[in-house]
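Notes to accompany the following structure.
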């Protein structure tokens, strides 16, 4: 493990945006420009804090947006990342006012799903021509919600496979080594702005994939998180114990299958082996993993139940799909979601 404080002026990775082959100028292309990529992390909690810190260590000009005691700690002592992939300690500009940051090349949009609309209404100061607002959230409705507030050309779909939480003001703890981003333009196009961001991710030792089918990836991640979050929160045991129980493992699979069925009914045409592939991935996840839903439930924080199993229930009802396991998980966790919201 190592500690990095990237305060040296020569530590930034410069990037250049160019025309793609054929001479076309995609959204976000800049013909001649070489400077650090400016990134605003809107919601610098577990996911945003981890990837923001990695991107800063890799040369990006990263600004953090947070609130409360976490923000004060970021301002006074920087962000600390505790991770098997390497510890970091960086002093980065942090604020609760997007207007303090101004126009950015990329906005990593990492707020909780229940805060999407409110946060989207505060995005305008961060936008300029070509800004990519990359969603790294749970759920499948966030992109449309954001696009209802800002021009849709700014919105980029993304999924993050990682378990990282704020374990103290200014401190982000990453469990396991998995930390992967999949992203893509919502229309499937190839753009220079995302190629530039992927280049920075590579320079920052971030595992990243650029896809032309991000909407399917969003649903795939949705299936994973609904099963993982639902089971770890309802059972209150980590994935290792759930895998070891034949009954619990069968329920996990059914939760995945229900989400995939809803996705197909929504027109996604998911691959026929999607459920089997997700179950194969489950076997590779750390046995000690829980989920952010479990963490929020057990720490008295607002829960994303409506964005997860609530959305499955709602869409299934609209489409005439049976989802009994998702309904059961929702029923078990609903009292906790209500109680934690009242404690907020």
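The values are calculated or read from the model by the stated rules, or taken from the named source; none is laboratory data. Everything numeric in this text was worked out from a predicted model, so none of it was measured. Glycine also receives a Cβ, built like all others from the backbone with ideal geometry; neighbour counts cover every protein chain displayed.
Descriptive notes on the structure:
- Test: residue 199 is without any contact (Cβ under 8 Å) to a residue 40 or more places away in the chain, more than 16 Å from the chain's Cα centre (by Cα) and not assigned by TED's automatic domain parsing to the domain that holds residue 330: no
- Check on residue 327, outside any loop (DSSP other than H, G, I, E, B) and at pLDDT below 95: no
- Among residues that are outside any helix (DSSP H, G or I), more than 30 Å from residue 35 (Cα to Cα) and out of contact with any helix residue (DSSP H, G or I) (no Cβ under 7 Å at 6 or more places or on another chain), residue 237 is included.
- Assessment of the range 258-271 against the conditions (free of Cβ contacts under 8 Å to residues at least 40 places away in the same chain and surrounded by 14 or more Cβ atoms within 10 Å (Cβ to Cβ)) yields at least one matching residue.
- Of the residues making up the range 272-295, just one is surrounded by 12 or more Cβ atoms within 10 Å (Cβ to Cβ), part of a loop (DSSP other than H, G, I, E, B) and more than 21 Å from the chain's Cα centre (by Cα), namely 287.
- Some residue of the range 265-287 being under 24 Å from residue 45 (Cα atoms), at pLDDT below 95 and touching a strand residue (DSSP E or B) at 6+ places or on another chain (Cβ under 8 Å): yes
- When each of 166, 182 is tested for being part of a strand (DSSP E or B), farther than 20 Å from residue 88 by Cβ and touching a helix residue (DSSP H, G or I) at 6+ places or on another chain (Cβ under 9 Å), the lone residue that passes is 182.
- Residue 60 at pLDDT 95 or above, closer than 20 Å to residue 116 by Cβ, in contact with a strand residue (DSSP E or B) (Cβ under 9 Å, 6 or more places away or on another chain) and assigned by TED's automatic domain parsing to the domain that holds residue 199: no
- Selected residue (criterion: nearest to residue 325 (Cα to Cα)) from residues of the range 296-312 that are in contact (Cβ under 8 Å) with a residue 24 or more places away in the chain and not in a helix (DSSP H, G or I): 305
- Of all residues in the range 125-141, those satisfying the criterion of being over 27 Å from residue 72 (Cβ atoms), in contact (Cβ under 8 Å) with a residue 40 or more places away in the chain and either crowded, with 23+ Cβ neighbours inside 10 Å or more than 17 Å from the chain's Cα centre (by Cα) (or both) are 129, 130, 131, 132, 139, 140.
- Scanning the range 202-234 for residues that are in contact with a strand residue (DSSP E or B) (Cβ under 8 Å, 6 or more places away or on another chain) and either without any contact (Cβ under 8 Å) to a residue 40 or more places away in the chain or closer than 24 Å to residue 130 by Cα (or both) yields a total of 13.
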